[in-house]
Amino acid sequence: MARIDGRAGDELRPIEIIPNINKFAEGSCLIRCGNTQVLCTASVEERTPPHVPEGEGWVTAEYSMLPRANRERSKRDIAKLKLSPRSAEIQRLVGRALRAAVDLEKLGPRTITVDCDVLQGDGGTRTASVTGGFVALSYALHKLVEDGALKEMPLRTCVAAISAGIVDDELLLDLCYEEDSAAQVDLNCVMTGEGELVELQGTGEGRAFTIDEQRRLVDLCAKGIREVQSIQKAALGG
């Protein structure tokens, strides 16, 4: 099928990661995936939440969309006096994904909060938040090492994410908004640098899907994530 932006079925949207976009945050970047743009900032605090075991650290995330990130203005969560269910679900996903990359014992008794603020949403905001969030987190950890607060880098691996889906019975990588809205099946995938799965979210939006289709979608995501990780590496100076 012809995609709305002319891409091949297994082709990513253009991805750009601009590091150190915020001069105050310990780590930051702006990630652009097609028309989706997310600002990711990582902040370090020398304390941990009560549930964290003594001596260990914590990595968490917050996610929000600016009022005109979408085609129509949405209310800010603060105006509704509570976090929207969608924002809450996505920030838990991002937090889980980023913690998978970090040795919390080596991080020590401190918290790193990664804020992911969607400036413009055109599909794939959660996967962009994971991918950009990891870059911001990495810069914050490098700063802790450079400043002598950490003796060694606590990163175990890298993490990145991408989406795939089935539209008109065709398997497509990295759905834009129009494709996502029409998708029969939508799948979000988070993987480590070793190709191991951290999270898999697959939903039959318009129809059920088979185990074989799920495997093919995961393979498609794995291909895309390898390409995304190369972009992450370049943004981190690797």
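What follows draws every value from the coordinates through simple rules; no lab data is involved. Please read all numbers here as calculations on a predicted model, not as lab measurements. Cβ coordinates were reconstructed from backbone atoms using ideal geometry, including for glycine residues, and neighbour counts include every protein chain displayed.
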Degrees between helix 85-99 axis and first principal axis of the chain (Cα, 0 to 90, nearest 10): 60
Please find the FRET efficiency linking residue 120 to residue 23, where r is the Cβ-Cβ separation and R0 is fixed at 35 Å, and quote it to the nearest 0.05. 0.95
One finds the C-alpha centres of region 50-100 and region 138-210 to be spaced, in Å, by 16
Along each principal axis, Cα extent of region 136-197, largest first, Å: 54, 22, 10
Label residue 214 and residue 168 with points 7 Å out from Cα along Cα→Cβ: what is the distance between them in nm? 2.7
Quick one: go through region 89-104 and flag any residue whose amide nitrogen is under 12 Å from the point 7 Å out along the Cα-to-Cβ line of residue 152. 103
Simple spin-label estimate for residue 66 and residue 103 in nanometres, 7 Å along Cα-Cβ: 3.9
Any chance you could give the angle, 0 to 90 degrees and rounded to 10, that helix 125-146 forms with the longest Cα principal axis of the chain? 20
I'd like the FRET efficiency for residue 182 and residue 230, computed as 1/(1 + (r/R0)^6) with the beta carbon distance as r and R0 of 41 Å, rounded to 0.05. 0.90
Scaled radius of gyration (Cα, divided by 2.2 N^0.38 Å) that region 1-45 gives: 1.57
At each listed q (0.08, 0.16 Å⁻¹), what is the log10 of I(q)/I(0) that the Debye formula gives for the chain modelled as equal alpha-carbon point scatterers? -0.29, -1.12
Over region 124-200, what is the relative contact order in percent, taking alpha-carbon pairs closer than 8 angstrom and at least six residues apart? 29
How many percent of all Cα-Cα pairs in region 84-187 sit more than 20 Å apart? 47
For region 172-180, what does the Karplus curve 6.51 cos²θ - 1.76 cosθ + 1.60, with θ = phi - 60°, yield as ³J(HN,Hα) per residue in whole Hz, taken in order and with x for Gly and Pro? 10, 9, 6, 6, 7, 4, 4, 5, 4
Per 5 Å bin, what is the whole-percent P(r) computed from every C-alpha pair distance within region 1-133? 2, 10, 17, 19, 19, 14, 9, 5, 2, 1, 0
Cys residues of the chain with no disulfide-compatible partner (no other Cys Cβ under 4.7 Å) are 29, 33, 40, 116, 158, 176
Given 23/75; 75/151; 75/233; 75/143; 75/106, which pairs have Cα atoms separated by over 32 Å? 75/151; 75/233; 75/143; 75/106
Quick check: pseudo-label points 7 Å beyond the Cα along Cα→Cβ at residue 46 and residue 194, how many nm apart are they? 3.4
Relative to the chain, whose Cα atoms define the longest principal axis, helix 211-235 and its Cα axis are tilted in degrees, nearest 10, by 50
Give me the extension gain from residue 145 to residue 222: residue separation times 0.36 nm, minus the current Cα-Cα distance, reported in nm with one decimal. 24.6 nm
Kindly write out, for region 34-41 in residue order, the coupling ³J(HN,Hα) from the Karplus curve 6.51 cos²θ - 1.76 cosθ + 1.60 (θ = phi - 60°), rounded to whole Hz, with x marking Gly and Pro. x, 8, 8, 10, 10, 8, 10, 10
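Order of 67-74, 132-139, 226-233 by packing, highest average Cβ count within 10 Å first?
By packing density, highest mean first, the sequence is 132-139, 226-233, 67-74.
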Formal net charge of residues neighbouring residue 209 (Cβ-Cβ distance under 11 Å; K, R +1; D, E -1): -2
